[in-house]
Amino acid sequence: MNINNKEASFGITTGSAATASALAAIITVLEDKNPEFVKISIPTGSLEIEIFCTEKISKTVGKASVIKKPYPDPDVTVNLEIGAEVELTSKPGIIIKGGKGVGTITKPGLQIPVGQTAINPVPQKMIRENLENHLPVGKGAIVTIFVPQGEKVAARTMNPRLGIINGISILGTTGIARPMSLESFKKANACQLDVALGLGYKELIFVPGNIGEKLALKSLKVEKDQIIHMSNYVGYMMEQALEKKVKKIILFGHAGKLVKIAGGIFNTKHSVADGRREIITAHAALAGVSHNSLKEIFYSKTTEDMVDILIKAEKEKEVFKSIAHAIKENIKERYHLDIEVIIVRMDGTVLNP
């Protein structure tokens, strides 16, 4: 399979790039060649990958790298240089290390133990299998994977949240990177739970995103590792919490996101479902808010405007206590989780004290 066509609908994983670099480096040493392409074996077949550069450093050391070419996905590792330095040794066996720009695991719960470099099991297996066929009998190799811009790019990945420091992860289960599916995105989010539980936290704080995290850190006596980003996928993250036996959840976030759950909406993406004005208007009516104020709420453009109307009517606490109760009941009924709900506005004011 050749992916060097600019029209390719898929790309290579960081694991495939690292494998191709390692193979090109060993060919450079053993065959005194500078391959322009190498063919690697991957779990789903084989790939022909273009080599960016090669260098024979000595009779036993070679270096090569690959540029991870674009494909139709907002992948932050696209156009990144991923390389390998390979040193032949007189002792059989292949040792794989992480060099500059490859992250280090600092928190438990992931596939790689704490203290090791973030090169996942499948890429490690790929590197070993592809190099074993080229090593002379009785020889081994030390393979050091490097990513010159890895530390800079890692800031735009989930690695900082997962406790992976100083670089990116070398990933991939098939060797091929396809445009990220919704399922892949949700699974990546669920890794946060593994880390938090691995650190021993019994109580976790679920927030919609960055705003929720900042407000939670300001308002609650919690650690950053306790905070789990749900994105829009509330239902999926609750399922994962149930499956992973999370003891207690505090659902914390801005009213604009959380009120949707009171209406049974477990995917809060605006294009999927809204219902904010209908839900707030309904609970305001139950609290005895005047007809004129109900009309104002219903035709308001933002949740913050709706809150201001309720404050003017001196009903915001009663209404949001009712909404919080509805959220709690909906989650308990569907997922049977021990949950507390804290709804805030943009300045951090708690609306359901």
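Here are the numbers:
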item	result
Test set (1) under 16 Å from the mean Cα position of the chain (by Cα); (2) buried (at least 16 other Cβ atoms within 10 Å of the Cβ); (3) of a type in the set (Val, Ile, Thr); (4) in the same structural domain as Phe52 (by TED's automatic domain parsing) - Val143 fails condition number	(1)
Residues satisfying the stated conditions in segment 243-258, i.e. of a type in the set (A, V, I, L, M, F, W, C) and part of a helix (DSSP H, G or I)	Ala255, Leu258
Any pair with Cβ under 8 angstrom, 6 or more apart, that starts in segment 285-306 at a residue that is over 18 Å from Asp274 (Cβ atoms) and ends at one that is surrounded by fewer than 17 Cβ atoms within 10 Å (Cβ to Cβ) and acidic (Asp, Glu)	none
Test: residue in segment 29-40 that is within 16 Å of Pro123 (Cβ to Cβ) and modelled with pLDDT of 95 or more	yes
Verdict on Leu310 being farther than 23 Å from Ile211 by Cα, in the same structural domain as Ile227 (by TED's automatic domain parsing) and either part of a loop (DSSP other than H, G, I, E, B) or over 33 Å from the mean Cα position of the chain (by Cα) (or both)	no
Segment 21-76: number of residues that are small (Gly, Ala, Ser) and within 13 Å of Ile176 (Cα to Cα)	3
Spans of strands (runs of 3 or more DSSP E) in segment 77-187 with at least 3 residues charged (D, E, K, R)	81-89
Residue selected from segment 1-28 under the condition in a loop (DSSP other than H, G, I, E, B) and surrounded by fewer than 17 Cβ atoms within 10 Å (Cβ to Cβ), by the criterion modelled with the lowest pLDDT	Asn5
Selection count where residues are modelled with pLDDT of 90 or more and part of a loop (DSSP other than H, G, I, E, B), scope segment 41-51	2
Check on Lys39, among the basic types (Lys, Arg) and touching a residue at least 40 places away in the same chain (Cβ under 8 Å)	no
Single residue of Glu223, Glu132 found to be surrounded by fewer than 17 Cβ atoms within 10 Å (Cβ to Cβ), more than 30 Å from His270 (Cβ to Cβ) and not assigned by TED's automatic domain parsing to the domain that holds Ile67	Glu223
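The values are calculated or read from the model by the stated rules, or taken from the named source; none is laboratory data. Because the structure is predicted, anything quoted here is derived from the model rather than measured. With ideal geometry, Cβ positions are generated from the backbone for all residues, glycine too; neighbour counts draw on all protein chains shown.
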